[in-house]
Structure formats: structure tokens, C-alpha cells
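Scroll down for the structure; my scribbles are underneath it.
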Amino acid sequence: MQTCEFNSYLMIKAAEEVNGDWIVSGPIASQEEDYDGDIITKSAVLSGLSMFFKLGGHVDYEHQYEKSKDTGKPDPDYLIGKAIDVFNNAEDRNRPWVRIQLYKSSELAKKVWHKIQDGCPMGVSLFGRSLHEKGTEVVIEGKLINRNYN
């Protein structure tokens with residue numbers, strides 16, 4: 001099987017301070033067809049997120065941490081938060097949402113938090129690659145990356 005890479009952008013729809021922590025959340029599965037004609041199903045997203053959480057659930061600023069790893073000099077300053085859980089949002093057709101805690105010690109996370117508070121559209125991208133095909137389904141492995149839509 002040829003490896004298939006995918007990328008889906010998802011908007012942050014909620015931001016709140018909880019017990020002093022900066023928490024943002026948004027839907028992680030649109031279940032609608034993307035530009036390539038692919039549909040990332042709820043079960044596929046949850047499967048990919050299972051591995052994501054096992055690997056620590058780190059949230060990377062604008063793909064920069066991944067790019068820094070490619071240079072052989074990983075820069076942890078690009079890690080701005082971590083996913084803390086996934087929940088079905090009854091107010092959003094029971095779509096799965098991810099809840100992310102931004103690191104208050106991160107200068108980049110502070111900028112993201114303040115932009116969100118100012119009303120700037122922000123989001124995350126879910127990206128990864130297929131692991132194997134099963135009929136018309138493709139099993140995926142994924143990561144969450146912060147995305148600024150300004």
C-alpha cells in the first residue's frame with residue numbers, strides 16, 4: 001500500500017480559564033468530504049488520537065517542532081500545550097472535541113491565548129499518515145498542530 005498523508009484543519013470553538021489553566025477546545029472530526037474527496041470518520045480520528053495520547057498528546061506550534069526535529073535539533077519551545085481529553089459534544093451533534101491545555105510558561109502559548117481572547121480565529125490541524133487499508137477505509141496515525149488562521 002502506498003502511504004497516504006492527510007491534513008485537516010479544525011477551528012478552536014471554546015477557550016476558558018479553569019483552575020488557573022488555559023483550556024481551549026474544538027471539534028476534531030468533521031466527517032465531511034475534504035478537498036481530496038476523503039472523509040476522516042469519527043472512528044478513524046479516535047483511533048489516531050489513541051496513539052497521539054500514548055505519545056504524550058503534545059501540541060506543536062505551526063508544525064515548527066516537527067520541522068526542528070527534521071534538522072536534528074528538536075526545539076521544545078515549539079511545544080505549546082498538550083491534549084488532555086476527548087469528549088463528545090452534545091451541543092455539536094455529538095462530534096468528538098479535543099480539550100487542550102496551553103502551557104502558561106510558553107511564550108508562544110501566551111501569544112496564542114491572547115490572540116484567542118482578542119477574537120482571532122485559531123485552530124489546530126490534524127495530520128498524519130495511513131497505516132494500512134481495509135477495503136475502502138484507511139487506518140490513520142495522527143498528530144495535532146496549532147494553526148493560526150489570521
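Student exercise: in segment 61-114, how many lysine pairs 8 or more apart or on different chains have Cα atoms under 20 Å apart? Let's see the in-between values first.
Working: Lys67/Lys82; Lys69/Lys82; Lys82/Lys104; Lys82/Lys110; Lys82/Lys111.
Step by step, the pairs that qualify in segment 61-114 add up to 5.
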*Got a sec? Charge dipole of segment 40-84, +1 on Cβ for Lys and Arg, -1 for Asp and Glu; which of Gly48, Gly72, Tyr61 is way out at the positive end?*
Gly48
*Roughly what would the spin-label model give for Glu16 and Asp85, points 7 Å off Cα along C-beta, in nm?*
1.2 nm
*Per-residue accessible area for Leu102 at 1.4 Å probe radius, Å² rounded to 10?*
10 Å²
*Gained length - Ser68 relative to Leu46, 0.36 nm times residue gap less alpha-carbon distance*: 5.2 nm
*segment 47-65 to segment 101-127: how many Å between their Cα centroids?*
16 Å
_Rounded, prolate or oblate, given the Cα gyration tensor of segment 37-125, with a/c below 1.5 counting as rounded?_
oblate
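The values are calculated or read from the model by the stated rules, or taken from the named source; none is laboratory data. The structure displayed is predicted, hence computed values, not measured ones. A quick note on method: Cβ atoms are made from the backbone with ideal geometry, for glycine too, and the neighbour counts reach across all protein chains shown. Please note that ligands, DNA and RNA were not included when accessible areas were found on the heavy atoms of the full protein model with its side chains. Shrake-Rupley method; radii C 1.70, N 1.55, O 1.52, S 1.80 Å.
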